[in-house]
Each structure stands twice: as C-alpha cells, then as structure tokens.
Amino acid sequence: MLSKKSLQQQFASEYKTYYQVPLFVNEGFSRHVCPLCGKGYWSLTEQPDCGDSAHRPYAFFRQKPRTETYAGFWKKFEDFWKKNGHAIVPRYPVVSRWRDDLPFTIASIVDFQRLEQGKVVFEYPANPLLVPQMCLRFPDIANIGVTGRHFSCFMMAGQHAFGAPKTGYWKDECLQYNYDFLTGVLGVPKADLIYGEDLWNMPDFSAFGPSVESFAHGLELVNSVFMQYRANAAGGFEELDTKVIDVGWGFERLLWYYNGTPTAYDAVFAKPLAFLKHQSGLHVDQDLLDRYAKISSGLDVESVVNLKQEKQKIAEQLGLSMAQLEKTIAPMQAMYAVADHSRSLLFALSDGALPSNAAGGYNLRVLLRRALSFLNEYKFNVELEQIMQLHAEDLKPLFPELHENLTDVFEVVAVEKRKYVQSMQKATTLAGQVVAEQKPITTQKLMMLYESHGITPELLEKASHQALEIPTDFYQKLTERHVMGKSTSAEDSAEPAAKKKIELPRDLPSTKLLYYDDAQLKQTHATILHVDREHGVVVTDQTVFYPEGGGQCADHGMMEGIEVPDVQKQGGIVLHFVADSSAFQVGQKVLLQLDWERRESISRHHTATHVMIATARNVLGGHAWQHGSHKDEDEAHVDITHYEKPSATVIAELEKAANKIIQEARGVQVVWMDRGSAEQKYGFRLYQGGGAIGKTIRVVIIDDYDAEACGGIHRTRTNQIGLLKITGVEQIQDSVIRVRYKAGSKALEHVQKQEQLLQEACAALSVSPDQLTSAVKRLFDEWKTAKKESEKAQEILAENFAHKLVEDAQARKAGQINKEVPYTSMKLLEAVATHISQKMDCVLWTQEGLYVAATTDASLQDAKELLKAAGAKGGGTKRFARGKKE
C-alpha cells in the first residue's frame, strides 16, 4: 500500500532520478540532508537546516522597504514568463463552476481540471502557460493578521506545462526557469537559495510526484510539483497519461520578499492599510511591529495547543505584558485581517458568489462578519465598502472587472450588513450568558454557538472582558464542515441514475437515443432487449422517450398501446416503466409513441428556463446563477442565487424582460462543441446546472442572449414558448429564490383562471375590476372595526359572566369556583378566569377539554396545583395556569 512516507523514502534514496537536474550540477549546488527533519536539500554550501521557516526565522526584511505595487510587480513577473515562451491567460473565477466537487478555486491547477466519470482530466487553452489565479482557502482564518503571511485570498501564479516529453517541458527546464527568475528578477543571491526535496500527492494517490521547494532567508517562495504518477492495482505506481508541471508561485510572498516589509500584508495591502490607519487615528509603533513580525513568522495558530500561552511567550520576548501586547499589536492584527477579508469578499462577490448559511457561502459569511466585528470592536471609523473600493482601484490594471462590478458587490454587502446588525444584539446577550456559565468552551460548542446564533470567538472574548481559552482550531473545523458542501441541483448537462436501482444483464448494450429529433420521431419502432416484470421495466434497443434528467421530467406515452408513465436512465441504458410488462417479450418489435402534447409543453418550459436564467442575470445582477430547476408539463421553476426576495416591482420587470426576449423570436440552436472551445467562446456561464462531464458538450444557444451546456429538449425559436407568466416567487433558503412560471397554453390557462377569480370577486362585491382594490380595502377596514367591537363586546360578556359566577358562589358560600363554561375560545376562558380571580380562586373548563386555573393575590393555593388536581396537564405561574384534559 502506497503512503507518502514510503514514497518520500524511495524518492530520497533515488534522488538522482527524482530530484537531481543539470541546473544543480552546473551551478555548483550539492545535496545535503537536514539534521532537523531529515529531508534532502540542495545548496551551494551545507546549511544548518533545509531552509524551512519551521527551522529558521525570516531574514529578508529591509531596513528601508521597497514600495513596489501588486500590479507593478506582476508586470515584472509577467514579462519574464512571456520572454520565456509562456502564454499569459486571464484568471479563472474564484468560484469553480466547472468542478462540482469544489465550491472555490483553491489552486491554479484547478483551472484546467475537469471531471469525467470520476477521473480528473485536463483542459487547457495554451501550453505552456502562466495564469494569475486568485484562490480562496479558509482553514487558516485564525492565522490571518497574526502570522504576517497567511491569507484567505491569494494569487497562485500558476506556471503550467502539459504532456512532456511530446509537448510542454519537464523538470530540467522548469527548475532552470525557477532559478533564472529567482536570481534575475526577484534578486535572490545564488548563495541564499536552498532547494528542498518533497513529494506532493492526491489523498488517494490518483496523482502524485516529486516536488522541489525553493527557499531563501527562511521563506518558501514557490513549490514546483511534477505530477507524474498514479497508484495501480498491483499496489505500486505507473506513469500518468499526461504529465503536468504544476508550479504555484505564491505571488504575495514574492512581493513580500521583494519589498522586504515586516509582514506580507504591508507589501500587498499598502493603500488600504494606509487608509485604515489614517481613518482610525491608529499610531503604529514601527519598531515594536518589526520585532513582533520576526517572532510571529514561526507562529501557526492552528498548530498551537494553547494560544494564550503562545501569546504570553511572544509578549515576554518583546518585553511587554499581555495587556500591553493586546493594546499595541491586536489593533494592527485586526486591520490586517480586515484588509485580507475585504479583498477575498471582493473577488468572491464579483465572481457571483453570495454569503449564505450553507456550503461555500457559509465561509464568505464567516469572513464578512469577522471583518465587521473587527471594524466595530476597534472603532476604525471605516466602512467595509471603502476598503473594497481601494482594493478594486489598486488591482484595476490586473483585474478591471472588480471595479466594474462594485455596484453589484456593494448591494450584496449592504444586505449582509443589515442581517449582521439584526443578529448582533441577540448574539451579544447570549455571549454574556455563555461566559457567565463559566464552563469549558469546546470547539463543538463554539461551532454550535456560531452556526445557531452568530457568536464568534472574538465576541466571546469581548463579552468576558478577559482572554478566554478558545480552541485554536475553531475556524479550521468550522470551514472544513462547509467547504465541500457545494450545493448543486441535477445538472442540465448530466443524466442521473434511475430512481430505482434495477439489476440489469451485464451484456446489455447502451440504448440508442433518438429523442432529440422531435420533428420526425413522434413515434418509432424498437426491439425489446430486456423485460423486468418485477419492476415493470422494458429495455429496447432505441427510444424516442426522454428519460428524467437535468431537472426535466420524463416523456410519457405508449408502447404497443400500453401506457409508459415514467422513463429513467441507468448508466447508458434507458428504462421504460410500463403499466403492464406481462404483454412484452424479449425480441418483440414494438411501436413507441410519445405523448406529443406533453413533450411540447415540457420543451416550452425548458426553453423558458434558459430565458429566465439569462433574464435574472440582467435584472437581478451578475450573482444570479441557477441553483436548481424543475421542468414539468404544467409548470416549471428555477432556483436562482439572490440575496433577498425581490419586490413585486422587480418580479414584474423580470417577467416583462423575459417575455420581450420570447416575442423577439430569437433562434434557439443546439450545437455539439469541444469543451475547451465552448469555454473559450462562452465562459463558465455555460455551466448553470453543473460542470461539464465530457470532452464534447451539447450547448443550447439563444441568439445573442444565452449559451448553456444542456442535455434537455428545446424549441427552435423563443416565440414558440408563447406567453410566460410568473406564478410565484419565494425564498427557499438563504440567498436562493425560487421563481415559478408557466409557458404557452399553460400560462394562458393560468391567466384565464385568475381572470375568472377576479370577476367572481368583483361580482361578490358588486364593483368593477378597477374598483376592486378600494372595495377590498374598505371591506378590510370594516372587518377590523367589527373585530375590535366584537372583542370589546366579548370582554364585557366575560366580565358580566364572571360577576354572575362569583355572585352565585358567594350566595352558596363556596370558597372557589369549579365550573364548565359554554365557551370554545381559550382567550375568553382566560378573560373570565382573570375577572374571577379578583374575588376568589377558580378552575374553569370547556367541553373541548381546555382548562384554566386562577388564584387571588391573597390565596394560599397554587394555580398549577389546582390545574393538576382537576386532571388537566399544563403549566403556568402561581397565579395563573392553563392546560388540557389528560
């Protein structure tokens, strides 16, 4: 069985095969073994360690740091790779629409990975290439602002080559480029370079290979991965079909090294930090910050068992008390975190992601609320949107789309801020109660408090007015719970397995699919290959029936005059569920006849769905993406990501805009395209229902309006949809709305029914349609007045009835009243009991078994006990209790 340790040992023992390259020999580098961790490394002279920051502090800080900007240094970086034959391709979105298993792009190589039948394959626009890929990762949130080097959003400048030796290049050329850049552009002295041997692998060893880490002055500048092998069935490994150079240059670290600032944040976020300091009036003790930066370089919050003790050690090294450390360093750490979180949110929201309480959106909400908490706690006098705008302006030379999307981004942030404010008062009260309990705060409890009530570790610290023993792995475990929860509906480009798993003969061939040519194939003949009488299933060699998939319901119809009420697909085989399977035999020729009216209605609804998705993007904003859909005969719906339920005005605008596209009779074309060509031409908006599942994809194109990868049935022009009527819009979960609609004759039927209801309402009120609104308002006002008068009358009746019961009891010299009363309302029952309790104790009940007990101020009786003694189950106070007969 393969393991990382065994492979590391094997690769190290054969280092000439896996690590040695001409560069090392030509430049005079020799191999040594680290006495601290045992890893091999290459350097000009033997070193006390392998150069990792785990072994040595950073030593690249400049007394007078440079002030190169992010965009300016990218130009230097880009120019080097252009001169060395690499195509520079635009960044991909930070939301990985092409990968159904990942909510966010976590590495540059993810850009070029596609999934086909569970296997990773590669799709790349050039070879070799460089991509300025922005990535999102969330496990290190607790480190951000503390260590000086951790980010939730960072550029992995991806240097990639594919297919060596036939195409691209391999190890020798890769490390030569590495050396030339590090010494020639970054300015690392040759004697300061250390190349460490390592290994990178997928968890299941479906891909792995040797890697070489490049260090200088304690900082890892880049990791060059040579993806070369995969595990085989024999327990060993074999060459991949496509070898891949996977070099992820940590651009933030390169700029940090180049500028030599105390932290990476000072190099990357210079303008936003300057603005934060100015607005907040924060005075920074630069000497103290410089000393802290050197110490914090080796800190990793997630690996620290006791963060309080670790902070204490740092304070002692700086000659400060814990209180002084928190006062001087904590505000700066908060600023760093705000700068990081705001940039992450800018990229994510600009690329169409939304904060929510599920999946990847959960992690965005964690960042947003953490940033808002820091702004409030330290009274920085800055709006989050101001910092985001500064990021957008700073990055405009690289990523102009950030600035272009600011309006949409700010709308989302404004909604999230309102939600945050609404939840904070309750969260603060609960945080105080948790602290007052003085019980250990486990990671599990803290996650429950955050997920249920929005209580962050920082809020608990503030509520307690002291440092708490908060688990250091909180954010890591929290984000791990949600990062893989990418929520997708049935993909329009995929075909799910049958609802009922049916055992089929292994030698059954795939069904020939004829259902796309609806002009000639309303019916056809087929030959039966298999009959499953237990499940009522018939398999034929070919079919015109569309099986359920991609949110589209199955075709119905007849097979030799016998009803086919459901059709599913299992693998490549179409299953026809028939009303009576006893009539069929293997080898029999049968006539397949579609319910054509149903097919046409479903195809209208499916085409309408594409119109609705594109229209929602235009009306609601670029963040509107399909989250799920269902296309049936009578009605369809599409679930769309949106931060709030739209108003009636916006819904009307959406309906009007969709009908305009329909009336324009735009052509609807279906084209089979190479996946890479389709992505280059139409972008990742193709993947509304999920990532592509094959090298060739079926693209449905609405002229000059929309293009989506889709396997469903469609009309040939938009006007064939007919009238589109939105029948309802609801918020089905946080940041997801469901738009329901009818098309064609179904829409007309709906409108006619609504018209009939309108006429009936007008007739009942004896008004014309244009007078209905005022008539209903007048009727409602009259109802409210009558209701108030009724309640007042009932109160008088209750008081009079109570007075009569008390008089009767006093006449009988009874100490309390126990009586069934002729009421069905608990409210009236309580009113009678309340009046009686001004004079004496009582237990009252109704024929339906509702019970009330009440006592006077001076009574020695307990109302709850009176209720219990009467045989009722309930609760209340000493003075008043209510319940039901047991």
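The values are calculated or read from the model by the stated rules, or taken from the named source; none is laboratory data. Just so it is clear, the model here is predicted, and its values are computed rather than measured. Neighbour counts run over all protein chains shown; Cβ positions are idealised from the backbone, glycine included. Protein only, heavy atoms only, side chains kept; ligands, DNA and RNA dropped before computing areas. Shrake-Rupley method; radii C 1.70, N 1.55, O 1.52, S 1.80 Å.
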For the chain, whose charge dipole is built from +1 on Lys and Arg Cβ atoms and -1 on Asp and Glu Cβ atoms, the candidate among 797, 413, 375 with its Cα farthest towards the positive end is 797
Amide H partners (placed H, <5 Å) of residue 574, local residues excluded
511
Just to verify a number: what accessible area does residue 50 come out at with the full protein assembly present, 1.4 Å probe, Å² rounded to tens?
10 Å²
Over the residues of region 1-140, compute the C-alpha Rg and express it relative to 2.2 N^0.38 Å.
1.37
What is the distance in Å between the Cα centroid of region 658-672 and that of region 51-113?
41 Å
In terms of the alpha carbon gyration tensor, root eigenvalues a ≥ b ≥ c, rounded if a/c is under 1.5 and otherwise prolate when a/b exceeds b/c or oblate, region 710-791 is oblate
If packing is taken as the average number of other Cβ atoms within 10 Å across a peptide's residues, how do 785-795, 415-425 rank, most packed first?
415-425, 785-795
Need the list of lysines near residue 787 for cross-linking: C-alpha distance under 29 angstrom, and skip anything on the same chain fewer than eight residues off.
777, 804, 819, 827, 884
With the cut-off at 20 Å, tell me which of the pairs 5/243; 631/746; 16/39 have Cα atoms farther apart than that.
5/243
At the level of C-alpha centres, the distance separating region 797-866 and region 598-614, in angstrom, is 64 Å
Inter-label distance, nm, simple model (7 Å from Cα along the C-beta direction), residue 781/residue 404
5.2 nm
Mean Cβ count within 10 Å, highest first, over the residues of peptides 5-16, 821-832, 551-562, 243-254:
243-254, 551-562, 821-832, 5-16
Total charge dipole magnitude, region 340-406, about the Cα centre, Cβ charges on Lys, Arg, Asp, Glu only, Debye to nearest 20
320 debye
Explain nothing, just the number: relative contact order of region 696-777, from Cα pairs under 8 Å at least 6 residues apart, as a whole percent.
16 percent
Dipole of the chain, Cα-centred, from +1 at each Lys and Arg C-beta and -1 at each Asp and Glu C-beta, to the nearest 20 debye?
1520 debye
What does the extension gain come out to for residue 192 and residue 525, with contour length at 0.36 nm per residue minus their alpha carbon separation?
112.2 nm
Which one of 346, 356, 333 has its Cα pushed farthest toward the positive end of the charge dipole of region 305-364, where Lys and Arg give +1 and Asp and Glu give -1 at the Cβ?
333
Relative contact order for region 608-761, counting Cα pairs under 8 Å that sit 6 or more residues apart, in percent:
27 percent
Please work out the ratio of the alpha-carbon Rg of region 148-278 to 2.2 N^0.38 Å and round it to two decimals.
1.24
What percentage of the solvent-accessible surface of region 406-454, computed with a 1.4 Å probe over protein heavy atoms, is contributed by carbon and sulfur atoms?
56 percent
What does the charge dipole of region 360-454 about its Cα centre add up to, to the nearest 20 debye, if the Cβ of each Lys and Arg holds +1 and the Cβ of each Asp and Glu holds -1?
640 debye
Rounded, prolate or oblate: pick one for region 66-142, where a ≥ b ≥ c are the square roots of the eigenvalues of its C-alpha gyration tensor, a/c under 1.5 means rounded, and failing that, prolate if a/b is larger than b/c, else oblate.
oblate
Based on the alpha-carbon set only, what is the convex hull volume of region 1-67 divided per residue, in Å³?
153 Å³
Give me the percent relative contact order of the chain, please, defined on Cα pairs under 8 angstrom at least 6 residues apart.
9 percent
Rounded to 0.05, the calculated FRET efficiency for the beta carbons of residue 752 and residue 116 at R₀ = 35 Å is 0.15
Dipole of the chain (Lys/Arg Cβ +1, Asp/Glu Cβ -1, origin at the Cα centre): which of 811, 65, 538 lies farthest to the positive side?
811
Pairs to check: 396/656; 64/477; 277/311; 327/417; 190/396; 512/645. Give those whose C-alpha atoms are more than 32 Å from each other in this structure.
396/656; 64/477; 190/396; 512/645
Cα pair distances of the chain binned at 10 Å [whole percent]
2, 10, 15, 17, 17, 15, 11, 8, 4, 1, 0, 0
What is the projected area of the convex hull of the Cα atoms of region 497-647, averaged over all directions, in nm²?
10.4 nm²
Give the ranking of 654, 758 by solvent-accessible surface, highest area first, calculated with a 1.4 Å probe.
758, 654
With the alpha-carbon atoms as the only input, what is the per residue convex hull volume for region 776-886 in Å³?
113 Å³
The chain - share of DSSP beta bridges that are antiparallel (%, nearest 5)
90 percent
Rounded to the nearest 500 deg cm²/dmol, what is the calculated helix-only ellipticity per residue at 222 nm for the chain, with -39500 (n - 2.57) per DSSP H run of length n ≥ 4?
-12500 deg cm²/dmol
Please say if region 694-755 is rounded, prolate or oblate, where rounded means a/c under 1.5 for a ≥ b ≥ c the square roots of the C-alpha gyration tensor eigenvalues, and otherwise the choice is prolate for a/b larger than b/c and oblate otherwise?
oblate
Hull-based mean projected area of region 241-300, where the convex hull spans the alpha carbons, in square nanometres
6.5 nm²
Can you give me the solvent accessible area of residue 82 with a 1.4 Å probe, rounded to the nearest 10 Å²?
110 Å²
How do 750, 610, 453 rank by accessible surface area computed with a 1.4 Å probe, from largest to smallest?
453, 750, 610
Sequence of 170, 625 when ordered by accessible area, the most exposed leading, probe 1.4 angstrom
170, 625
In square angstrom, rounded to the nearest 10, how much accessible surface does residue 192 have for a 1.4 Å probe?
50 Å²
